[in-house]
Amino acid sequence: MRHEAQSAAALAASTRAAKRSRWFRKLYGQRHVQVMALLGILWMIIFNYVPMYGIIIAFKEFNIVKPISAAPWVGWSHFQEFFQDESFVNVMRNTLGISLIKLAIGFPLPIIFALFLNEVRSVLFKRSVQTISYLPHFLSWVILGGILTTWLSDVGIVNHVLLALNVIKEPISYLAEPDYFWGIIITSDIWKELGWSAIIYLAAISSVSPEMYEAATIDGAGRFQKMWYVTLPSIKATISILFILAVSGVLNSNFDQILVLRNALNESASNVIDMFVYQTGMQQGRYSYATAVGLFKSVIALILLLIANRVTKKINNTSLF
Amino acid sequence: MLSLKRKTKGEAAFDFFNGFGMLLVCFATLYPIWYVLVNAFNEGQDGMRGGIYWWPRMFSVESFEAVFQSAGIMTAMGITVAKTVLGVLLHVFFTAMVAYAFSRRGLIGGKIYILIGTVTLFFGGGLIPTYLLIRDLHLLDNFLVYIIPALFSFFDLIIFMTFFREIPDGLEEAAKIDGANDWGIFLKVVLPVSLPVIATIALFHGVYQWNDYFAGVIYMNNMDLQPIQTYLYRVVAQSSSNQMVAAIPGGVGKTVTSQSIKLATMVVTTLPIVLVYPFLQKYFVKGMMIGSIKG
């Protein structure tokens with residue numbers, strides 16, 4: 001009996017050893033690929049994970065000349081300070097206001113555009129419209145800032161036209177008026193990304209089976225009915241996924257644009273969380289405080305992502321995770 | 001289909017209004033760009049009066065001459081060209097290399113690698129911790145700050161990986177039998193057959209590199225190393241247009257204004273991208289599909 005048990009153990013040990021040596025041989029066989037993969041992992045650890053670790057300065061009193069580990073812990077005090085900051089309400093209002101309006105208008109418009117562009121019969125015309133419509137995506141926000149300041153200046157085309165039509169009596173400096181800022185931000189964003197965002201929907205529409213349209217035609221459906229009852233339901237999954245992605249990215253989408261268009265005069269409408277982080281962190285050097293505010297934004301973004309994921313899952317069974 | 005049946009009145013009306021709407025979208029898209037173009041080609045002083053909508057009132061290329069003679073603008077342009085060319089080459093090569101490794105079946109640790117990458121899609125350190133990292137790596141005021149932190153992107157890796165997985169296994173097997181190792185397969189087999197996806201990522205990253213002004217704003221105090229977009233940002237957002245005129249050597253005609261130089265710089269900066277993208281568009285539609293659906 002003992003002998004048998006011993007030999008069984010020996011056998012197990014030898015198969016384990018064999019397995020391990022096979023594993024090492026496999027690892028050795030893919031050593032080149034492993035080097036390639038680990039170079040990527042190394043990059044991600046340095047440029048993605050080290051900054052994630054750096055977030056802990058939000059709970060510390062970080063001093064720029066000392067390492068992070070040397071900084072004393074301060075708990076939630078930076079967060080409390082932000083909630084009591086006099087600009088807190090204004091910053092939150094601007095961040096959420098601009099983001100949600102952008103989502104409400106900027107998300108459905110490319111779908112509508114794609115639906116109607118799909119109904120264009122001439123292939124050449126369709127392709128030309130498409131090519132033109134995504135041209136602005138390739139312009140930078142700096143260039144767009146230049147175009148907008150030119151258009152909206154006192155002697156710009158907008159004032160010229162409105163004066164000529166007697167809509168206004170005196171030229172308006174649009175970028176100096178907080179009241180116009182959200183409108184400018186949202187309109188210019190739509191102008192820039194409408195065609196680009198539509199590409200993905202057009203691609204999804206092109207894979208809808210033509211038989212469905214034929215069947216709908218036989219049933220007597222008109223063009224609008226076909227769009228509503230055939231095309232739209234067919235691209236529902238694509239819409240859901242893109243909606244989740246749009247919601248999770250919405251708080252991040254403003255910064256490049258707002259940094260170009262903001263100025264001291266429109267500050268009450270242009271001061272969003274990212275702007276606040278940039279000013280307190282980069283310009284005033286309050287690193288810990290700015291990191292705490294940035295972390296607060298990331299948490300809101302994550303909550304929005306989870307909500308959007310839950311909602312689309314419930315509505316039509318599509319979700320990211 | 002179309003010729004079988006005559007269009008009904010409703011159909012015809014729909015097509016008419018739809019086509020008209022599409023023309024409106026095209027006009028709204030192109031006109032702002034056209035407006036900048038004609039104003040840039042108008043004489044500076046005269047342009048200040050405004051009212052130039054369709055065609056230059058006093059045609060002049062002086063603003064462009066001034067732009068090309070300005071050492072500051074040309075240095076910034078050179079930095080942009082350098083960082084775009086170098087950035088695209090290295091980003092495409094490095095990201096494709098990691099994607100090739102990740103896409104291999106039976107890669108030990110493969111699942112963990114993908115998990116490590118997926119986390120980066122949703123979480124990040126944010127502005128300040130990233131700035132502190134760049135500072136600690138001594139990349140502030142260093143040209144490499146445009147290249148190294150942009151070397152890799154997990155999103156682009158997914159696009160590459162999706163494409164690589166569709167390459168028939170036989171191709172790699174054949175190379176292996178011929179005695180190639182994994183580097184050889186990657187360089188001589190995988191990269192050459194992946195031109196469509198390489199073109200896609202090259203365009204995406206090229207546009208990013210060409211248009212990015214933010215890295216120049218926060219990481220660069222050395223004005224000789226700032227890209228053209230950062231230069232323009234300082235002019236546009238901080239309304240320091242006078243700097244631009246000050247940067248122009250005196251020999252040019254006095255009719256050039258800060259505004260006309262700004263417009264000319266905008267045109268010169270945008271032209272390369274507008275010229276390149278029609279050639280690459282057949283690739284990026286497919287690339288975007290892969291990226292968005294699997295992303």
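The values are calculated or read from the model by the stated rules, or taken from the named source; none is laboratory data. Everything quoted here is computed from the prediction, not taken from an experiment. Methodologically, a virtual Cβ is constructed for each residue, glycine included, from the backbone with ideal geometry; neighbour enumeration extends over all protein chains shown. The accessibility values were calculated without ligands, DNA or RNA, using every heavy atom of the protein model including side chains. Shrake-Rupley method; radii C 1.70, N 1.55, O 1.52, S 1.80 Å.
Table for the structure above
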item: Sequence of B:Asp15, B:Asp224, B:Asp141, B:Asp182 from largest to smallest accessible area, 1.4 Å probe; result: B:Asp224, B:Asp141, B:Asp15, B:Asp182
item: Interface burial for A against B (accessible surface, 1.4 Å probe, total of both chains, Å², rounded to 100); result: 8000 Å²
item: Gyration tensor (alpha-carbon) shape descriptor, region A:1-59, a/c threshold 1.5; result: oblate
item: Placed amide H near A:Lys60: partners under 5 Å, 5+ positions off or other chain; result: A:Val74
item: Sequence-distant aspartates and glutamates (8 or more away, or on other chains) whose Cα lies within less than 13 Å of B:Lys7; result: B:Asp15
item: At R0 = 25 Å, FRET efficiency that the Cβ-Cβ distance of B:Trp54 and A:Asp179 yields, to 0.05; result: 0.20
item: Among B:Met48, B:Met220, B:Met74, residue whose mean-square fluctuation peaks in a GNM of chain B (springs only between Cα atoms under 10 Å); result: B:Met48
item: Shielding by partners, peptide B:18-27 (average Cβ within 10 angstrom, other chains); result: 5
item: Chain B: DSSP helices with Cα axial extent of at least 27 Å and average Kyte-Doolittle hydropathy no lower than 1.0; result: B:9-40, B:71-102
item: Region A:3-147: relative contact order in percent, alpha carbon pairs under 8 Å with at least 6 residues between; result: 8 percent
item: Probe 1.4 Å, accessible area per residue of chain B, Å²; result: 47 Å²
item: Rough spin-label spacing in nm, given labels placed 7 Å along Cα→Cβ, for B:Val81 and A:His32; result: 3.7 nm
item: Members of region A:46-60 that become less accessible by 40 Å² or more once partner protein chains are added (1.4 angstrom probe, chain alone as reference); result: A:Phe47, A:Tyr49, A:Pro51, A:Met52
item: Hull-based mean projected area of region A:188-231, where the convex hull spans the alpha carbons, in square nanometres; result: 3.5 nm²
item: Fraction of accessible area attributable to carbon and sulfur, the protein assembly as shown (%, probe 1.4 Å); result: 66 percent
item: Rh by Kirkwood over Cα pairs, then Stokes-Einstein D for chain A at 1.567 mPa s and 4 °C, µm²/s; result: 52 µm²/s
item: Principal axis dimensions, region B:123-238 - Cα atoms, whole angstrom, descending; result: 60, 29, 29
item: Reach of A:Lys297 by Cα under 12 Å, taken over aspartates and glutamates that are not fewer than 8 positions away in the same chain; result: A:Asp274
item: Partner chain coverage, peptide A:149-159 - average Cβ within 10 angstrom; result: 4
item: Difference of contour (0.36 nm per residue) and Cα-Cα distance, A:Gln283 to A:Ala237; result: 12.2 nm
item: Tilt relative to chain A, helix A:287-316 - C-alpha long axis, 0 to 90 degrees, to 10; result: 90 degrees
item: Lysine pairs in region B:71-294 with Cα atoms under 21 Å, if 8 or more residues apart or on separate chains; result: 5
item: Contact order relative to length of chain A, as percent, for alpha carbon pairs under 8 angstrom and 6 or more apart; result: 24 percent
item: B:Lys188-A:Leu265 FRET efficiency (beta carbon distance; Förster radius 60 Å; 0.05 resolution); result: 0.50
item: Solvent-accessible heavy-atom area per residue, rounded to whole Å², over region A:76-316 at 1.4 Å; result: 45 Å²
item: Rg to Rh, two decimals, where the protein assembly as shown supplies the alpha carbon set and Rh follows Kirkwood; result: 1.01
item: At q = 0.06, 0.07, 0.11 Å⁻¹, base-10 log of I(q)/I(0) for chain B (Debye sum, equal scatterers on each alpha carbon); result: -0.31, -0.42, -0.87
item: Along principal axes, Cα extents of region A:29-109, largest first, whole Å; result: 59, 48, 18
